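Report on one structure; see the data block that follows.
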Amino acid sequence: MNGVGLSGAARRVADHARSFVRLELQLAAAELKQKVVALAAGIALVVLAGVLLLFGLAFALAAAAAAIATSVSVWLALLIVFGGLFLVAGALGVVGLVLLRRGAPPVPKQAIAEARLTTEALKNGHK
């Protein structure tokens, strides 16, 4: 009789353990779904903000051209704004290329040199 009672209790413990694991998996799935939805909404809002920022920049440039057009011809105002954009883009491009050349190739030269020196020191020290 003790054997039957013990096996029944073991079976109930195993059933409860399976139910507990199932509930934990359901909780994890619900939590993951909630986080994915929040992440997707966040990404969508950041992308929308970027698009609106781009439109805002375009309107700011148009406003600058309109302001310049009050004292010169419209075509000249647009040409001035274009020239300013061209100069800024050129300067940013040059700085970017300098930084790219400085960073390429992405190899830690000092660390490699130190490793070679350490290796040579270890070899020479063991001889």
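The calculated P(r) of region 1-41, using every Cα pair and 5 Å bins from 0, goes 5, 22, 12, 14, 10, 9, 9, 6, 6, 3, 2, 1 in percent.
Here the ratio of the Cα radius of gyration of region 24-79 to 2.2 N^0.38 Å is 2.21. Altogether, the Stokes-Einstein calculation at 37 °C and 0.692 mPa s, with the Kirkwood radius of the chain over Cα pairs as Rh, returns a diffusion coefficient of 139 µm²/s. Here region 54-75 is scanned for amide nitrogen atoms under 19 Å from the site 7 Å beyond the Cα of residue 88 along Cα-to-Cβ, giving 54-70. On full extension, the segment bounded by residue 26 and residue 14 gains 2.5 nm, given 0.36 nm per residue less the C-alpha separation.
For region 87-127 versus region 10-45, the spacing of their alpha-carbon centroids is 47 Å.
Here the accessible area of region 1-69 is 78 percent carbon and sulfur, with a 1.4 angstrom probe and all protein chains present.
Once the 1.4 Å probe is applied to the protein heavy atoms, the chain comes out at 87 Å² accessible per residue. When only the Cβ of Lys, Arg, Asp and Glu is charged (+1, +1, -1, -1), the dipole of the chain relative to its Cα centre reaches about 580 debye.
The values are calculated or read from the model by the stated rules, or taken from the named source; none is laboratory data. Computed from a predicted model, the values in this text were never measured in an experiment. When we count neighbours, we look across all protein chains shown, and the Cβ atoms used for this are built from the backbone with ideal geometry, even at glycine. Surface areas here come from the heavy atoms of the whole protein model, side chains and all, with no ligands, DNA or RNA. Shrake-Rupley method; radii C 1.70, N 1.55, O 1.52, S 1.80 Å.
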